[in-house]
């Protein structure tokens, strides 16, 4: 396997692991503190409406459900995590794969919060950076924590992939 294909395979595994880390973090918050986990079914609903020309909603939660929206949402969640990881590895280079460092992974993870703040939340009818939610500060902090856990997952799974 050439270096590019090996780096891509590693990035895919790291992306899967980092996304799993985010899901485990959400599960911990749900079980320990009764904080609801993100609803990836709404991501699927948003994506399922796109072929019909609907890219934004006044309130995605009140939009009629679509078939397979949960499956589509969860698949999209993991594909987005993989895409973020590939992007991260492309930015930091193969040296990081050989010598993973925590700080670049955390900084990148935190940076990925810009996607929901400026794309998904407005498209869902929640406003920029959840400004139209009942408690924008809480929503922002939850998003930031979730994306920080993704960054931690990038690092942890890079260590695991290197070890394998």
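Any read-out appearing in this document is the output of simple, stated calculations on the displayed coordinates, not a laboratory observation. For clarity, every value in this text was computed on a predicted model and none was experimentally measured. Every residue, glycine among them, receives a Cβ derived from its backbone with ideal geometry; neighbour counts consider all protein chains shown.
Give me the distance between the Cα centres of the stretch 79-119 and the stretch 17-54, rounded to whole Å. Using only Cα atoms to place each centre, the spacing works out to 19 Å. Counting only alpha carbon atoms, the long axis of helix 69-92 and the longest principal axis of the chain meet at about 40°. Just one of [x] 11, 36, 33, 16, 3, 0; [y] 11, 42, 36, 10, 1; [z] 9, 36, 38, 14, 2, 0 is P(r) over Cα pairs in 10 Å bins from 0, in percent as worked out from the coordinates here. Which one is it? It is the one labelled [x]. With respect to the chain, whose longest principal axis is taken over its alpha-carbon atoms, helix 40-49 is tilted by about 70°. As a rough guide to protection, the peptides 154-164, 3-13 ranked by mean Cβ packing within 10 Å, highest first, stand as 154-164, 3-13. From most to least packed by mean Cβ count within 10 Å, the peptides 143-152, 31-40 give 143-152, 31-40.
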